[in-house]
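Undergrad: Quick one: this structure, given as structure tokens, is what I'll be asking you about.
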Amino acid sequence: MTTASTPVPAIRTPFPTLRTPDGPVPADAPAWNPQRGSAMPYHRYRPVHERVEIPEIRRAWPGHRIERAPLWVPVDLRDGNQALAEPMDTPRKRRMFDLLVAMGFKEIEVGYPSSSRTDFDFVRHLAVRGAVPDDVTPVVFTAARRDLIEQTFASIQGMPRAVVHLYTATAPVWRDVVLGQDRAGLHALIREAAEHVARLSDAMPETAVRFEFSPEVFNCTEPDYVLEVCNGLTRLWDASPDRPVIHNLPATVEIATPNLYADQIEYMHRHLERRDAVILSVHPHNDRGTGVACAELAVLAGAQRVEGCLFGNGERTGNVDLVTLALNLYAQGVDPMVDFSDIDVVRRTVEECNRLPVHVRHPYGGDLVYTAFSGTHQDAISKGLAHHERAAAERGVPVGEAPWSVPYLPIDPADVGRTYEAVIRVNSQSGKGGIAHLLQTHHGLDLPKALRAEFSRVVQDATDRSGREATPKDLLQLFRAAYMAEDGPVTLSSWAAGGDGFHCLVRRDGCESEGTGAEPAAALAAALEASGIAVEVLWQGGHPAEGGAVAYARCRVGDTPAWGAGEDADAVTASARAVLAAVNRALAGQRGDRSQG
């Protein structure tokens, strides 16, 4: 037995560049956890509490609920655009802008006009063409430099309204390493830039300008310093409820768990001056993979506005994902205030503009997010959809209006423009419930429960051998080949009803045998017995189908039971075909047993 102090022998692996952890097991580790110390240089990094002061507050946010959507502000045209290998040109930017307007966004960051000629030209395009609707406010982004601010104001000349978004990094590492400023020096620089913004706004009376400030890397900055700077700008810009200032507090680089970001936001929410004249905004990134959680907890903590990108595009691991955020609210019964009724159009447009694919498993929008391959998932979804239809009928409401409660599907795929065809798909991991669901929904075949289990093994064998997904068309072909084949040794020659009952003629190995009976089943059994086959029908059933009927039968020939199915315009003939199919499968099974013996 290996103990905490026992050295681990070197293990040959196909991954020679990886260093399998072989350090000691921690002395206080429970017996069930054998993980060993790694060679990763984790000592180089400091925990968040050693990097930034986390304000001590009596948290209120854990007890809050999000009951209304914040103001969503897409930054795809600025922050998202600067993260692209191939930044958008004006036609792509315009298509993205038109998408955002069509979805219902009312404040849109349209560019960083002092950063490039392309960005400047696009903002001018919007201004000259009058492309901004009356209820939409464009936001333009600028660093706290006099010449860049002037370029920014030149770009919005002629627009009826705009937000000028001023930013400066404020965290200690940025102050020391990048800007070469102490706290007082940086504060003076920010104030000077903000004064220039105010002067240029006064000189442009035809444009209603509001102001936004981002203390870049807010989450790594001393809380008292951010408060000092933001409150100073609130006073300088004379914020009022009818002309509020936006203080945008970015988690520019995620460094902590989302609860700590929420603590920082709640601290600011409680201490900002003129709180009714300040819009508290957040701009989370996703370096730790928790951008969505940061944004949601920040809203609980007092944030009223969220900046992000559709599907989370952005530098490094991305900006926070507005699609996920908005549809998370939707799944909780809260109006997202933007439209996702055709999620595929949204996704395709974003992919075209960004020239980046959206992952097939991306929440809400990926190709496969409403698709189940697992057998247990498929069975639950199939039953859930059937229950949902019954519940809607009992309420007397359309299926699309009934309360949603279907296992594994947090929202109704139809609400975002998806069809149910892609909800259940079949591969080697699938089970009888999903297979039966596809046969019923696509082909009208309602298999008996026992036959579902047997056919699922047929499908699994086929998909195991092929290694591929089985489409609904493939399933139908497999089912017909397995249970409806008419090329066996016994076939139905003719079927008729006369004054003395039913007459049936079957052919076996070229010889015909006749049977008569008061019921169709009795006539068929007599014909089969005359051909030398004693059949016991264990179960029969069926249902109407397009163009006629489908029947199922489970029969025993000797000691061999088998299922069969038949279809015909006539229900009685379909039933006879099902019995004959079962007989042929039983005979084939007996031949197989003999050959193996």
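Undergrad: Where only protein heavy atoms count, and the probe is 1.4 Å, what is the accessible area per residue for the chain in Å²?
TA: In whole numbers, the chain has 49 Å² accessible per residue.
Undergrad: Still on this structure, please answer the following. Taking every DSSP beta bridge that has both residues in the chain, what percent is antiparallel when rounded to the nearest 5?
TA: In the chain, approximately 50 percent of DSSP beta bridges are antiparallel ones.
Undergrad: Compute the length gained on full extension between TRP32 and ARG361: take 0.36 nm times their separation in residues and subtract their Cα-Cα distance, giving the result in nm to one decimal.
TA: Contour length minus the Cα-Cα distance gives 115.2 nm.
Undergrad: Here's another thing I want to ask about it. Where the only charges are on Cβ atoms (+1 Lys, Arg; -1 Asp, Glu), what is the dipole of region 448-550 about its Cα centre, to the nearest 20 debye?
TA: Values: 9 positive and 15 negative charges, 90 e Å.
With Lys and Arg at +1 and Asp and Glu at -1, about 440 debye.
Undergrad: Further, regarding this structure: Hey, got a sec? Which trypsin sites (Lys or Arg not before Pro) in region 277-339 land in a DSSP loop and have at most 12 other Cβ atoms within 10 Å?
TA: Passing both the DSSP loop test and the Cβ count: ARG316.
Undergrad: Can you give the FRET efficiency to the nearest 0.05 for GLU469 and ALA386, using r as the Cβ-Cβ distance and R₀ = 25 Å?
TA: The computed FRET efficiency comes out at 0.60.
Undergrad: Before anything else, pin down the relative contact order of the chain: Cα pairs under 8 Å, at least 6 apart, normalised by residue count, whole percent.
TA: 8
Undergrad: Continuing with this model, one more query. Using a probe of 1.4 angstrom, how much of the accessible area of region 1-111 is carbon and sulfur, in percent?
TA: Values: 4310 of 7850 Å².
The C+S portion of the solvent-accessible surface of region 1-111 is 55 percent.
Undergrad: Where nothing but the Cβ of Lys and Arg (+1) and of Asp and Glu (-1) is charged, how large is the charge dipole of region 137-220 around its Cα centre, in debye to the nearest 20?
TA: 100
Undergrad: Cα centroid distance between region 166-216 and region 64-110, in Å?
TA: 23
Undergrad: Would you calculate the convex hull of the Cα atoms in region 380-514 and tell me its volume per residue in Å³?
TA: Dividing the Cα hull volume of region 380-514 by its residue count gives 170 Å³.
Undergrad: Next up: Express the relative contact order of region 1-133 as a whole percentage, based on alpha carbon pairs under 8 Å and six or more residues apart in sequence.
TA: 15
Undergrad: Then there's this: For the chain, give the magnitude of the charge dipole about the Cα centre (Cβ charges: +1 Lys/Arg, -1 Asp/Glu; no others), in debye to the nearest 20.
TA: Its charge dipole is roughly 1120 debye.
Undergrad: Also, I was wondering about something else. With the calculation restricted to Cα positions, what are the radius of gyration and Dmax of region 444-577 in angstrom?
TA: Looking at region 444-577, its Cα Rg and Dmax stand at 16.0, 56 Å.
Undergrad: Rg/Rh for region 339-405: what does it come to with C-alpha atoms and Rh from Kirkwood?
TA: 1.11
Undergrad: At most 16 other Cβ atoms within 10 Å and a DSSP loop assignment: could you name the trypsin sites (Lys or Arg not before Pro) in region 212-285 that fit? Spell out each step's value before the answer.
TA: Values: sites: ARG235, ARG270, ARG274, ARG275; in loops: ARG274.
Counting only loop positions with at most 16 other Cβ atoms within 10 Å, the trypsin sites (Lys or Arg not before Pro) in region 212-285 are ARG274.
Undergrad: Further question: So if the hydrodynamic radius of region 311-360 is defined as the Kirkwood radius over C-alpha pairs, what does Stokes-Einstein give as its diffusion coefficient at 4 °C and 1.567 mPa s, in µm² per second? Provide the component values of the computation, followed by the final result.
TA: Values: Rh = 11.8 Å.
It comes out at roughly 110 µm²/s.
Undergrad: I would also like to ask the following. Name the residue from VAL292, LEU249, GLN304 whose Cα lies farthest towards the positive end of the charge dipole of region 227-311, charges +1 on Cβ of Lys and Arg and -1 on Cβ of Asp and Glu.
TA: Result: GLN304.
Undergrad: Is it possible to state the helix-based mean residue ellipticity at 222 nm for the chain, with each DSSP H run of 4+ residues giving -39500 (n - 2.57), the sum divided by total residues, to the nearest 500 deg cm²/dmol? What is it? Don't skip to the end; give the middle numbers.
TA: Numbers: 16 runs with 221 residues, N = 597.
Rounded to the nearest 500, the figure is -12000 deg cm²/dmol.
Undergrad: What's log10 of I(q)/I(0) for region 97-227 at q = 0.10, 0.13, 0.17 Å⁻¹, Debye sum over Cα points only, no solvent?
TA: For the requested q values the scattering log ratios are -0.35, -0.57, -0.89.
Undergrad: If you don't mind, another one. Restricting to region 143-252, compute how many DSSP beta bridges are antiparallel as a %, nearest 5.
TA: The answer is about 10 percent antiparallel.
Undergrad: On the first, second and third principal axes, largest extent first, how far apart are the outermost C-alpha atoms of region 169-317 in Å?
TA: In descending order, the Cα extents are 43, 35, 29 Å.
Undergrad: Filter the GluC sites (Glu not before Pro) in region 434-511 down to the DSSP loop ones having no more than 16 other Cβ atoms within 10 Å, then list what survives.
TA: Sparse-neighbourhood loop GluC sites (Glu not before Pro): GLU469, GLU486.
Undergrad: Which whole-number percent is the relative contact order of region 99-182 (Cα, under 8 Å, 6+ apart)?
TA: Normalised by residue count, the contact order of region 99-182 is 28 percent.
Undergrad: Express in % the proportion of alpha carbon pairs of region 276-371 at distances exceeding 15 Å.
TA: 62
Undergrad: May I ask you to compute the full-extension gain from ASP509 to VAL345, defined as 0.36 nm times their residue separation minus their alpha-carbon distance, rounded to one decimal in nm? Walk me through the numbers on the way to the answer.
TA: Numbers: separation 164, 0.36 × 164 = 59.04 nm, distance 5.90 nm.
Difference between extended and current length: 53.1 nm.
Undergrad: Between beta-carbons, use under 14 Å as the cut-off and find the net charge around ALA574, counting Lys and Arg +1, Asp and Glu -1.
TA: Net charge in that neighbourhood comes out at -4.
Undergrad: On to the next question. Can you bin every Cα-Cα distance in the chain into 20 Å intervals starting at zero and give me the percent of pairs per bin, rounded to whole numbers?
TA: Values per bin, smallest distances first: 16, 34, 26, 17, 7, 0.
Undergrad: Tell me, which longest segment in the chain has none of the chymotrypsin sites (Phe, Trp or Tyr not before Pro) that fall in DSSP loops with at most 11 further Cβ atoms within 10 Å?
TA: The longest uninterrupted stretch comes out as 46-597.
Undergrad: In whole Å, how far is the Cα centre of region 523-597 from that of region 344-365?
TA: Answer, in whole Å: 50.
The values are calculated or read from the model by the stated rules, or taken from the named source; none is laboratory data. Predicted model, so just to flag it, every value in this text is computed and none were measured. Because the Cβ atoms are built from the backbone with ideal geometry, glycine has one as well, and the counts that use them run over all protein chains shown. Surface areas here come from the heavy atoms of the whole protein model, side chains and all, with no ligands, DNA or RNA. Shrake-Rupley method; radii C 1.70, N 1.55, O 1.52, S 1.80 Å.
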